[in-house]
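Asker: Please read through the structure below; I'll follow up with questions.
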Amino acid sequence: STYNTASVAYSLNANGLATTSLVRFGLTSGNLSNQVTGSSSSGTSAIAAFANLSGLLPSTTYYFQIEATNSAGTSTSGILSFTTDTQAPGIYSVSASSITTNSATINYSVWDKELSTTSLVRYGLSSGSLTMQAAGFSVSGNTTISGNVSLSGLNPATTYYYQVEATNSAGVSTSTIASFTTLASAGLIAEYTFD
């Protein structure tokens with residue numbers, strides 16, 4: 001299995017009758033309400049059969065049962081289980097806004113992928129040296145949350161590079177490095193000296 005798919009392999013013997021099979025699956029052994037069509041056969045010997053499950057949740061245990069049907073009746077396997085892989089969080093829609101002479105807001109969304117996730121924004125004066133950081137928001141419950149982080153104490157008329165980082169127990173994800181430039185200070189327009 002991967003974080004959102006699984007392939008169920010099994011042996012199917014049609015005993016000479018046209019036989020279809022399917023895999024029933026769900027989040028509990030008592031509720032196998034989802035199903036996907038598996039292999040079919042009409043031969044007299046066992047074949048290697050399979051069914052592909054998709055759209056699964058990461059870090060989740062699924063229960064499944066194989067069901068085969070022909071004109072003689074229906075047979076079912078025992079109920080088995082598998083757990084999908086964990087996956088590092090997803091980071092989306094990163095942008096900078098509300099840029100002033102000394103502050104900026106970094107906007108982004110994080111999908112926790114079923115694992116409690118924290119985020120932060122790293123920033124600095126060059127793309128290779130993001131030495132400052134600001135704490136972001138947390139996400140849990142297999143959901144995508146949008147939020148922002150305010151950066152303050154910045155220098156005017158300066159280009160800053162930034163990257164969003166999100167961490168869960170499966171790993172660390174980072175956005176691509178982007179940049180913004182703070183506004184210039186309103187300077188002295190003109191100076192007139194009088195005697």
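Asker: Can you pull out every residue in region 60-77 that is exposed (fewer than 14 other Cβ atoms within 10 Å of the Cβ) and either within 32 Å of the chain's Cα centre (by Cα) or part of a strand (DSSP E or B) (or both)?
Answerer: Within region 60-77, 61, 73, 74, 76 qualify.
Condition check ((1) more than 28 Å from residue 170 (Cα to Cα); (2) open to solvent by less than 80 Å² (accessible area, probe 1.4 Å); (3) touching a residue at least 12 places away in the same chain (Cβ under 8 Å); (4) of a type outside the set (Asp, Glu)) across all residues:
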{"site": "6", "(1), (2), (3), (4)": "no, yes, yes, yes"}
{"site": "10", "(1), (2), (3), (4)": "yes, yes, yes, yes"}
{"site": "14", "(1), (2), (3), (4)": "yes, yes, yes, yes"}
{"site": "21", "(1), (2), (3), (4)": "yes, yes, yes, yes"}
{"site": "33", "(1), (2), (3), (4)": "yes, no, no, yes"}
{"site": "36", "(1), (2), (3), (4)": "yes, yes, yes, yes"}
{"site": "39", "(1), (2), (3), (4)": "yes, yes, yes, yes"}
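Asker: Let me ask something else about it. Please return the ranges of strands (runs of 3 or more DSSP E) entirely within region 125-195 where 1 or more residues are among the hydroxyl-bearing types (Ser, Thr, Tyr) and either in contact with a Gly (Cβ under 9 Å, 6 or more places away or on another chain) or more than 24 Å from residue 115 (Cα to Cα) (or both).
Answerer: Values: elements: 132-135, 144-152, 159-168, 171-174, 178-181.
Because the criterion is at least 1 residues that are among the hydroxyl-bearing types (Ser, Thr, Tyr) and either in contact with a Gly (Cβ under 9 Å, 6 or more places away or on another chain) or more than 24 Å from residue 115 (Cα to Cα) (or both), the strands (runs of 3 or more DSSP E) in region 125-195 that meet it are 144-152, 159-168, 171-174, 178-181.
Asker: Within region 84-115, track down each residue that is assigned to a loop (DSSP other than H, G, I, E, B), hydroxyl-bearing (Ser, Thr, Tyr) and crowded, with 17+ Cβ neighbours inside 10 Å.
Answerer: Scanning region 84-115 gives a single hit, 84.
Asker: If you take the residues of region 45-59 that are in a strand (DSSP E or B) and open to solvent by 50 Å² or more (accessible area, probe 1.4 Å), which of them is farthest from residue 4 (Cα to Cα)?
Answerer: 47
Asker: Being over 24 Å from the mean Cα position of the chain (by Cα), closer than 15 Å to residue 134 by Cβ and without any contact (Cβ under 8 Å) to a residue 60 or more places away in the chain is the filter here, so list the residues in region 151-180 that pass it.
Answerer: Matches in region 151-180: 151, 152, 153, 154, 160, 161.
Asker: Would you call residue 175 open to solvent by less than 30 Å² (accessible area, probe 1.4 Å) and closer than 24 Å to residue 85 by Cβ?
Answerer: It is true that residue 175 is open to solvent by less than 30 Å² (accessible area, probe 1.4 Å) and closer than 24 Å to residue 85 by Cβ.
Asker: What are the residues in region 39-59 that are within 22 Å of the chain's Cα centre (by Cα) and of a type in the set (A, V, I, L, M, F, W, C), if any?
Answerer: Scanning region 39-59 gives 53, 56, 57.
Asker: What are the residue pairs meeting all of these: first residue in region 42-55, first residue touching a residue at least 60 places away in the same chain (Cβ under 8 Å), second residue open to solvent by 70 Å² or more (accessible area, probe 1.4 Å) and of a type outside the set (Gly, Ala, Ser), Cβ atoms under 6 Å, and 6 or more apart or on different chains?
Answerer: none
Asker: Kindly indicate whether any position in region 94-115 is touching an Asp or Glu at 6+ places or on another chain (Cβ under 8 Å) and not aliphatic (A, V, I, L, M).
Answerer: Taking region 94-115 first, the residues touching an Asp or Glu at 6+ places or on another chain (Cβ under 8 Å) are none.
No, region 94-115 contains no residue that is touching an Asp or Glu at 6+ places or on another chain (Cβ under 8 Å) and not aliphatic (A, V, I, L, M).
The values are calculated or read from the model by the stated rules, or taken from the named source; none is laboratory data. Small disclaimer: the values here were computed from a predicted structure and weren't measured. Neighbour counts are summed over all protein chains in view; Cβ atoms, including those assigned to glycine, are modelled from backbone coordinates with ideal geometry. Keep in mind that these areas ignore ligands, DNA and RNA; they rest on the heavy atoms of the full protein, side chains included. Shrake-Rupley method; radii C 1.70, N 1.55, O 1.52, S 1.80 Å.
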